[in-house]
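The values are calculated or read from the model by the stated rules, or taken from the named source; none is laboratory data. These numbers were taken from a predicted model, which means no experiment stands behind them. Virtual Cβ from ideal backbone geometry, glycine too; neighbours counted across all protein chains shown. Ligands, DNA and RNA are excluded from the accessible area calculation, which covers all protein heavy atoms including side chains. Shrake-Rupley method; radii C 1.70, N 1.55, O 1.52, S 1.80 Å.
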Amino acid sequence: MSVQTATAPPETPTPPAGPLARVTGWMRTHTTSLPTWAALVIFVGMVIYAEIVYGRILQPSTTSNLLINNSHLIIIAVALTFVIITGGIDLSVGAVIAFSSVAGVMLANAGWNAYLVMVLMIAFGATFGLISGWLIQYLNVQPFIATLAMMFLARGLASTLSTVPERLGDDSPIRALGTQIKIYDGPKVNDFVITPGVVIALLVVLGGFFVLHRTRTGRTIYAIGGKEQSAQLMGLPVHRSKMLVYVISGSLSGLAAVVYTARLGIAQNITGVGWELDAIAAAVIGGTLLTGGAGFVLGSVIGALVLGLMNVIISRDGSIPPEMTTVITGGVLLAFVLLQRAVVRRRE
Amino acid sequence: MSHEPIVEMRGIHIGFPGVKALDGVDFRLLPGEVHALMGENGAGKSTLIKCLTGVYSIDAGEIVIDGSPRQLAGTADAQEAGIATVYQEVNLVRNLSIGENVMLGHEVRGRFGISWRATHRRAKENLERFGLGHLDTRLPLSTLSIAVQQLVAIARAMVTKSHVLILDEPTSSLDKQEVSTLFGVIRQLRSEGVAILFVSHFLEQVYEISDRMTVLRNGRFEGEFLTKDLDRSSLIATMIGRELSTLAGEHEVRDGVAPGQREPLLVAENLGRKGSVGATDLAIGKGEIVGFAGLLGSGRTELARLLYGADRPDSGSITLKGRKTAIGSPAAGLANGIALSSENRRDEGIIADLSVRENMILAVQARRGWMRPLSKKDTDEIVDKYIKEFGVRPADPDRPIKNLSGGNQQKVLLGRWLATRPDLMILDEPTRGIDVGAKADIITAVQKLAEDGMSVVFISSEIEEVARVSDRIVVMRDREKVAEIVNDGTVSAATIVAVIADEEGTAQTVAALDVSDETFPGTTSTSTPTGTSTSTERSES
């Protein structure tokens, strides 16, 4: 069956000679995962540095807190990863969380069934996502503008509902998601604890990984980010998939609202200001290209943990003024973006 | 090959705002044949293909595939109907692996979602069919050359076991060796009974590979021919819509200066740009009108853009008035006394909302820099002069240019560039889409300018016009200069068409032209094709 023609010689890279050549050869063929590996190396480096300088980092209580305090961030980082891989952006995440949590708490306090309320909170998010996706896909609105509109809309609606902290009833079953479960009983308070919220975040990560890497929908999402027009001409369901990522992003924002509210027990219309930017930063640090087509949910998790760990280090240090957190975040982000540019340029 | 057609399109109409893109086009495709779709750029080839691939939906007409009428509402629909397409630009995604590109949307699924092992195995099997079994399917697509990517794209297209394969300009970025590999693949698919629709502007390739051709012009069906029954000159005559016999015309030899004796203004050596124009030698004398002739898309415009600096050449040099000059930007072109009036009057020429006056002084002002605005007096002087000289109607400098007719807009643009007093004026399609009167005005103006010592490059799709106006004609084909014809008064459009049509004889033609003009006794008897492929018989020689 095969054609007998003089095809160009195999284009596989020649077998690398030395260890150095092997490394560069690997880097050449794995350019897309390079920034993610870099993020992992930097994260490990940060952990080691913090352990040596401040101590008590690699211990159960610190690790537990890192996970518990950042579970909502991990969830929305996964959400943003989906969107950014298609080459889009979702700025409405933080505001959707605010609306969802305020509305959810008010409904729960009004006596609605707690489980129904949790489902509704996710559904609110999904609805915002659906509107964004529809604007982007069918009215050709820029993702930046469409989700910016949703951001103002959601934030405004949250403020319409209430401008004061809404406290979730102490006996509400929603709080169960925030209860700490002891996994490992360490000396004194040095226990390893998790909350159902952490479990949810980890399930989201696993689910995100599965969808992106093991389903045709996931591969379509990557293909859209690679070149939307090509994906379209290849006969892939581009329209549906593009809508879907915004619905996923919205739903996960609703879920993050559930997890966050359960932990804090309070919902407020000013919750989540700037969280979308944290999530974008986490995704970018974790190796997701803002131009689309490359990125990993696991990378975004590392990105979220890098941001979380930075906060831990800054509070431990004590001599770094808290205002510096933002400056340092900016610096770290800048470094990663430059790294990505270098990688992209090499690929071109 | 007495099969029923696998694709039959009847009376296809499609229009875009303001344009009738396809006007009652018929087309059929038989299994086991390579069918070439021919026509100039803009003839509707791409549009027809996009109707068949579901990218555009048709306004009227019928598409019958495999005996049943179909409504194609998208690429997925077309694939469903067994139509696979490979486009000129490799439509794969560079961020994913080779194997994934082959299998995207058709990945093999196991119990835990996609089974990558099985998917890559299937991809490899598909690639093996096309002699690409040696590729490591797990490497990123971006590690492959464009040519191999193109073959991968075909492998991908055939994953769906399609009966129809559309190849839209698949060879434009391939070299000879790669083309022959591709043709091997095409022949294999043909022998398997796949119907192949092949679009290429390389006549040589079309004659090599196709069994049958359909010619379109201006969105209309011009005819369906067996390739062996239609020689190249007749094909080109059909494509440009002229009878070969009517392509005669005359050129009055001006002032009797022999072309070699003109003082050279611009000498380009080896000037070229990858993917745009092959290395070209070209000399333009002072006061000479040099015509660029060739089909749309033959590289005429691209060569002009290189001379002007609109595109940066990546090989060769330009010597201007005896000095080597680097022209890498339009500003540099303008500073060196070269002006280009674009073929795309609406997008690259006029600024629709500005007045005639503002449009006309734009280039002079650009040359002076924004720090030194033209005085009111100078402005009026320039504007009045050219409005009068070219007879711009209405003669109102304050009217927005968008309210003028195409011909008058063109006159304003001419004025714009002439106001910079260029040594070389490049006119790309200055007469396209304008009425006869304005056309005559512009041609007279061009001839007068040349008499006053300005050099002119004249580009037009109307080959008769080029033959009439030019002192010397540069013939372009497939993004190469293939010949240079001195217009001694006997050159007609038919001569030029013969040169465009002649593939194999190219080398001899050019050589012969350099030596003497005798090879061109008015009509066509250029050197006969040597060697291998089809012989070109010219109908009226």
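Here's the yes/no breakdown for (1) in contact with a Phe, Trp or Tyr (Cβ under 8 Å, 6 or more places away or on another chain); (2) crowded, with 23+ Cβ neighbours inside 10 Å:
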{"residue": "A:Ser253", "(1), (2)": "yes, yes"}
{"residue": "A:Ala283", "(1), (2)": "no, yes"}
{"residue": "A:Val297", "(1), (2)": "yes, yes"}
{"residue": "A:Gly318", "(1), (2)": "no, no"}
{"residue": "A:Pro322", "(1), (2)": "no, no"}
{"residue": "A:Thr325", "(1), (2)": "no, no"}
{"residue": "A:Leu334", "(1), (2)": "no, no"}
{"residue": "A:Ala342", "(1), (2)": "no, no"}
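Please pick out the residue among B:Val356, B:Val267 that is touching a residue at least 24 places away in the same chain (Cβ under 8 Å), of a type in the set (A, V, I, L, M), surrounded by fewer than 20 Cβ atoms within 10 Å (Cβ to Cβ) and farther than 29 Å from B:Ala43 by Cα.
Only one candidate qualifies: B:Val267.
Go through the residues of region A:305-324 one by one and say whether even a single one is under 20 Å from A:Ile97 (Cα atoms) and in contact with a Ser or Thr (Cβ under 8 Å, 6 or more places away or on another chain).
Yes, region A:305-324 has at least one match.
Which residue out of B:Gly133, B:Gly67, B:Gly61 is more than 10 Å from chain A (Cβ to nearest Cβ), over 18 Å from B:Val164 (Cα atoms) and either of a type outside the set (Lys, Arg) or in contact with a helix residue (DSSP H, G or I) (Cβ under 9 Å, 6 or more places away or on another chain) (or both)? If you could, list the steps in order and put the result at the bottom.
On the way: B:Gly133 fails: more than 10 Å from chain A (Cβ to nearest Cβ); B:Gly67 fails: over 18 Å from B:Val164 (Cα atoms).
Checking each option against the conditions leaves just B:Gly61.
Checking the conditions here, which among A:Leu58, A:Leu67 is under 25 Å from the mean Cα position of the chain (by Cα), more than 14 Å from chain B (Cβ to nearest Cβ) and at pLDDT 90 or above?
Checking each option against the conditions leaves just A:Leu67.
With respect to B:Phe202, is the statement that it is open to solvent by 60 Å² or more (accessible area, probe 1.4 Å), hydrophobic (A, V, I, L, M, F, W, C) and not assigned by TED's automatic domain parsing to the domain that holds B:Arg273 true?
The answer is no for B:Phe202.
What strands (runs of 3 or more DSSP E), lying completely within region B:378-484, carry at least 2 residues that are charged (D, E, K, R)?
B:472-477
Is there a residue in region A:223-233 that is more than 22 Å from A:Trp134 (Cβ to Cβ), in contact with a strand residue (DSSP E or B) (Cβ under 9 Å, 6 or more places away or on another chain) and within 14 Å of chain B (Cβ to nearest Cβ)?
Checked against the condition, which is being more than 22 Å from A:Trp134 (Cβ to Cβ), in contact with a strand residue (DSSP E or B) (Cβ under 9 Å, 6 or more places away or on another chain) and within 14 Å of chain B (Cβ to nearest Cβ), region A:223-233 yields at least one hit.
One residue is enough: does region B:442-455 have a residue meeting the conditions open to solvent by 20 Å² or more (accessible area, probe 1.4 Å), touching a residue at least 40 places away in the same chain (Cβ under 8 Å) and of a type in the set (S, T, N, Q)? Before you say what the answer is, go through the steps one by one.
Start the filter on region B:442-455 by keeping residues that are open to solvent by 20 Å² or more (accessible area, probe 1.4 Å), which leaves B:443-444, B:447-449, B:451-454.
Among the residues that remain, those that are also touching a residue at least 40 places away in the same chain (Cβ under 8 Å) are: B:447, B:451-454.
Within this subset, residues satisfying the condition of being of a type in the set (S, T, N, Q) are B:447.
Within region B:442-455, one or more residues are open to solvent by 20 Å² or more (accessible area, probe 1.4 Å), touching a residue at least 40 places away in the same chain (Cβ under 8 Å) and of a type in the set (S, T, N, Q).
Residue-wise test of (1) out of contact with any Ser or Thr (no Cβ under 9 Å at 6 or more places or on another chain); (2) crowded, with 23+ Cβ neighbours inside 10 Å.
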position	(1), (2)
A:Lys227	yes, no
A:Arg240	no, no
A:Tyr246	no, yes
A:Ala256	no, yes
A:Tyr260	no, yes
A:Leu264	no, no
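Which one of these does B:Gln188 not meet: (1) within 7 Å of chain A (Cβ to nearest Cβ); (2) in a helix (DSSP H, G or I); (3) open to solvent by less than 20 Å² (accessible area, probe 1.4 Å)?
Every condition holds for B:Gln188 apart from (3).
Residues being aromatic (Phe, Trp, Tyr) and without any contact (Cβ under 8 Å) to a residue 40 or more places away in the chain: count how many of those fall in region A:187-217.
Number satisfying all stated conditions: 1.
Of the numbered conditions (1) under 14 Å from the mean Cα position of the chain (by Cα); (2) assigned to a helix (DSSP H, G or I), A:Leu91 satisfies every one except a single condition; which is it?
Going through the list (1) under 14 Å from the mean Cα position of the chain (by Cα); (2) assigned to a helix (DSSP H, G or I), A:Leu91 breaks only (2).
Scan region B:293-310 for residues that are open to solvent by 30 Å² or more (accessible area, probe 1.4 Å) and either over 19 Å from B:Ala467 (Cβ atoms) or in a helix (DSSP H, G or I) (or both) and jot them down.
The answer is B:Glu302, B:Arg305, B:Ala310.
Just to verify a result, which residue in region B:161-182, among those that are surrounded by fewer than 18 Cβ atoms within 10 Å (Cβ to Cβ) and facing chain A (nearest Cβ under 8 Å), is modelled with the highest pLDDT?
B:Ser180
Can you tell me which residue in region A:201-222 is farthest from the chain's Cα centre (by Cα), limited to those that are more than 14 Å from chain B (Cβ to nearest Cβ) and farther than 23 Å from A:Leu58 by Cα?
As a first pass, look at region A:201-222 and keep what is more than 14 Å from chain B (Cβ to nearest Cβ): A:201-205.
Those still in the list that are farther than 23 Å from A:Leu58 by Cα too: A:203-204.
Numbers: A:Leu203: 13, A:Val204: 10 Å.
Only one residue tops the list, namely A:Leu203.
How many of the residues in region B:27-63 are hydrophobic (A, V, I, L, M, F, W, C) and open to solvent by 20 Å² or more (accessible area, probe 1.4 Å)?
Final tally of qualifying residues: 3.
Might you check whether a residue that is among the aromatic types (Phe, Trp, Tyr), in the same structural domain as B:Thr160 (by TED's automatic domain parsing) and surrounded by fewer than 19 Cβ atoms within 10 Å (Cβ to Cβ) occurs anywhere in region B:10-26?
There is at least one residue in region B:10-26 that is among the aromatic types (Phe, Trp, Tyr), in the same structural domain as B:Thr160 (by TED's automatic domain parsing) and surrounded by fewer than 19 Cβ atoms within 10 Å (Cβ to Cβ).
Could you check region B:106-148 and list, in sequence order, the residues that are out of contact with any Gly (no Cβ under 9 Å at 6 or more places or on another chain), part of a loop (DSSP other than H, G, I, E, B) and either open to solvent by 50 Å² or more (accessible area, probe 1.4 Å) or β-branched (Val, Ile, Thr) (or both)?
B:His106, B:Val108, B:Arg111, B:Phe112, B:His134
Would you mention how many residues in region B:196-208 are touching a helix residue (DSSP H, G or I) at 6+ places or on another chain (Cβ under 9 Å) and either within 17 Å of B:Ala157 (Cβ to Cβ) or part of a loop (DSSP other than H, G, I, E, B) (or both)?
Residues in region B:196-208 being touching a helix residue (DSSP H, G or I) at 6+ places or on another chain (Cβ under 9 Å) and either within 17 Å of B:Ala157 (Cβ to Cβ) or part of a loop (DSSP other than H, G, I, E, B) (or both): 6 in total.
Listed here are the residues, each with its yes/no results for (1) touching a Phe, Trp or Tyr at 6+ places or on another chain (Cβ under 7 Å); (2) farther than 11 Å from B:Ile442 by Cα.
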{"site": "B:Phe390", "(1), (2)": "no, no"}
{"site": "B:Pro397", "(1), (2)": "no, yes"}
{"site": "B:Pro400", "(1), (2)": "no, yes"}
{"site": "B:Lys411", "(1), (2)": "yes, no"}
{"site": "B:Leu414", "(1), (2)": "yes, no"}
{"site": "B:Asp423", "(1), (2)": "no, yes"}
{"site": "B:Leu427", "(1), (2)": "yes, no"}
{"site": "B:Thr431", "(1), (2)": "no, no"}
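Could you name every one of the helices (runs of 4 or more DSSP H) located completely within region A:257-348 that has at least 1 residues being more than 23 Å from A:Ser64 (Cβ to Cβ) and within 14 Å of chain B (Cβ to nearest Cβ)? Even if it seems obvious, please write down each step before you answer.
Values: elements: A:275-285, A:297-317, A:324-347.
Of the helices (runs of 4 or more DSSP H) lying wholly inside region A:257-348, those with at least 1 residues that are more than 23 Å from A:Ser64 (Cβ to Cβ) and within 14 Å of chain B (Cβ to nearest Cβ) span A:324-347.
From the list B:Val93, B:Val86, exactly one residue is in contact with a helix residue (DSSP H, G or I) (Cβ under 8 Å, 6 or more places away or on another chain) and closer than 15 Å to A:Lys227 by Cα. Which is it? Let's see the steps before the verdict.
Values: B:Val86 fails: closer than 15 Å to A:Lys227 by Cα.
The match here is B:Val93.
So B:Ile146 clears everything in (1) touching a strand residue (DSSP E or B) at 6+ places or on another chain (Cβ under 9 Å); (2) more than 7 Å from chain A (Cβ to nearest Cβ) except one condition, right? Which one?
(1)
Taking into account only those residues within region B:423-436 that are of a type outside the set (D, E, K, R) and buried (at least 23 other Cβ atoms within 10 Å of the Cβ), which is modelled with the lowest pLDDT?
Residue satisfying both the conditions and the ranking: B:Thr431.
Looking only at region B:81-101, count how many residues are more than 7 Å from chain A (Cβ to nearest Cβ), outside any strand (DSSP E or B) and modelled with pLDDT of 85 or more.
Residues flagged as more than 7 Å from chain A (Cβ to nearest Cβ), outside any strand (DSSP E or B) and modelled with pLDDT of 85 or more within region B:81-101 amount to 5.
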